[in-house]
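The values are calculated or read from the model by the stated rules, or taken from the named source; none is laboratory data. The model shown is predicted, which means the values in this text are computed figures rather than measured ones.
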Amino acid sequence: MKTKIVNFLIPMLGGSATSAFAADGALQDGGGPLVWFFIGFGVLVLMVQAVPALVLLYSMAKAVFSPSESSTTASVTSHK
């Protein structure tokens, strides 16, 4: 069983290493304007979602570190 796994993994790992060397020429291009638009749009979405998260974080921290409300107990007196 162990030899079957080794005989399967060696060609799989060797075959995947050759494609890493073939992709060298694609890294010289800076990307088109649509690639930068997509990256900018993703950053914009993250920033828009971060605003409510920061507001919620601020309100939670404010509630945790604010002094607790003192509860007063009402005394009941009976009139006879």
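Out of (1) among the charged types (D, E, K, R); (2) modelled with pLDDT under 70; (3) part of a helix (DSSP H, G or I), what's the single condition that is false for Lys80?
(3)
Condition first: modelled with pLDDT under 90 and over 24 Å from the mean Cα position of the chain (by Cα). Can you find one or more residues in the range 32-44 that meet it?
yes
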